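Each remark here refers to the structure printed beneath this line.
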Amino acid sequence: MTKKIPIEGLKTGMFVSGLQKDEASDMLSFMNSILIKDETEIDKFKSKGYLSAYIVEDDPRTLPLKTPQKDEAVSSGAVAERLPLEKTDATSAGPPPIVEALKPCDAQVAKAGAPIAGDAVDFNEELRDAREVRDEAEDLVRCFMQSVRAGEEIETDRVNETVGKMVSSIFRNQDALTSLARLKSFDDYTFAHSVNVCILSLTLGRHMALSEEALHNLGVGAILHDIGKMLVPETILNKPGALSDTEFKEMKRHTELGGDLLCRTKNITDESRRVTLHHHEKFDGSGYQDSLSGEDIHLFARIAAVADVYDAMTSNRVYQKGMLPEAALKKMYLMRGTHFDPALVERLIRSLGIYPIGSFVELSTGELAVVRMPNHEHPLQPRVLIFSRKDKTPCEKRLEVDLKGEIGRWIIAARDPGPLKPVIDRIMAEAEGPSFAS
């Protein structure tokens, strides 16, 4: 359990999950509770003006978590007496909390446009249209990937039409289509990945207040970013194990092959082509195709690079399990300035929230919840749907809570849903939200 105490009551050996200067200010919430090792850490908090600390009396790193029996099924009608949790990296010591990312972004990216306007359409209302657009995008990607593999031309009119619908959806509501990027239910990772990278790129672009035309060109480049892989031998593309040096060199050619293909394709702008050609460039110049660095890399390619890696990190693959969004964002934050444009990583965190829609979280009260809606101004305080009591037994009636307005509740950790995935799927479906992605 978590308890608020005066800063003077803080002692070595305590776990701290948050700090607060006064009742009117927002709480500084840590991604993981931190152990106070000596008095100098306490003095540092005092010197920065913090008056209260939130301590975790039973830190989750030290608590045994109940796991289901081997043959135990977890279903909507037979949730375990105490909902089982799986141990995850989210409860272990990790990198520092992402607090710098919640500050205003630097001028380099901020100059892209003015602050975005509010949503014109309610989330649930737009979600229905967004699902149709996402399904259409899935069909589109399958179609043009197969066409290129067969040596046929890309139907650019269809690409532009579908991306136009995606852009319109993002403008009507910034979260509906974005929430569907968590749905990784396609049979083929390559198809799913192209759709998700497009959605995430558009989300990022919208939060930068890019124009509708710019978003369209960004979206076309993003959905086609891996088109060159269809020109790489399938034995390399589908190899389950690690690639040899020779095979990896051939795989890296997909950016060049894709860029050349789009040069010969009608109705594709140079801006869109640059996404395909340069989405593996790194901010410090150590990437490929042309070892570009900084702002020499086109903005759209820098955006797609962030979206590309985030989706890859959070996706389940044949050879690895996807990371929790919180862990992926934490890792990417540490790679800012080397792999990624720092301001764009910060924009990604703000646009998705540290806990994206569908994230399974544990609250300071011990309750379990699913993130229902992000809070773009206060990413650590989304709207959640609580489905368990403090003792982890399921609630008879679910409670939707905006953590921004809550004093006694906050997120202490993201959790792997594990055997609870069917339960969370049902909860989100009943709330007219997206299913939780594994």
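The values are calculated or read from the model by the stated rules, or taken from the named source; none is laboratory data. Just so you know, these numbers come straight off a predicted model, no measurement behind them. Reconstructed Cβ throughout: ideal geometry from the backbone, glycine too, with neighbour counts over all protein chains shown.
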Residue in region 5-22 that is farthest from Ala413 (Cα to Cα), counting only those that are in a strand (DSSP E or B) and under 30 Å from the mean Cα position of the chain (by Cα): Gln20
Of all residues making up region 266-313, the number that are touching a residue at least 60 places away in the same chain (Cβ under 8 Å), assigned to a loop (DSSP other than H, G, I, E, B) and buried (at least 17 other Cβ atoms within 10 Å of the Cβ): 1
Criterion: more than 17 Å from Ser201 (Cα to Cα), hydrophobic (A, V, I, L, M, F, W, C) and crowded, with 22+ Cβ neighbours inside 10 Å - qualifying residue of Leu348, Leu329, Leu363, Leu344: Leu363
Flag for Thr235 being among the hydroxyl-bearing types (Ser, Thr, Tyr), under 22 Å from Ala150 (Cβ atoms) and part of a helix (DSSP H, G or I): yes
Some residue of region 103-113 being outside any loop (DSSP other than H, G, I, E, B), surrounded by 12 or more Cβ atoms within 10 Å (Cβ to Cβ), modelled with pLDDT under 95 and among the hydrophobic types (A, V, I, L, M, F, W, C): yes
Wholly enclosed helices (runs of 4 or more DSSP H) of region 117-197 bearing at least 2 residues at pLDDT 95 or above, surrounded by fewer than 19 Cβ atoms within 10 Å (Cβ to Cβ) and of a type in the set (Gly, Ala, Ser): 156-172
Number of the condition not met by Asp402 [criteria: (1) farther than 25 Å from Leu218 by Cα; (2) of a type outside the set (A, V, I, L, M); (3) buried (at least 23 other Cβ atoms within 10 Å of the Cβ)]: (3)
Cβ pairs under 8 Å, 6+ apart, first in region 356-372 and over 17 Å from Ala328 (Cα atoms) and touching a residue at least 12 places away in the same chain (Cβ under 8 Å), second acidic (Asp, Glu) and in a loop (DSSP other than H, G, I, E, B): Gly366/Asp391
Candidates Leu215, Leu231, Leu224, Leu202 - the one that is touching a residue at least 60 places away in the same chain (Cβ under 8 Å), within 30 Å of Ala176 (Cα to Cα) and not hydroxyl-bearing (Ser, Thr, Tyr): Leu224
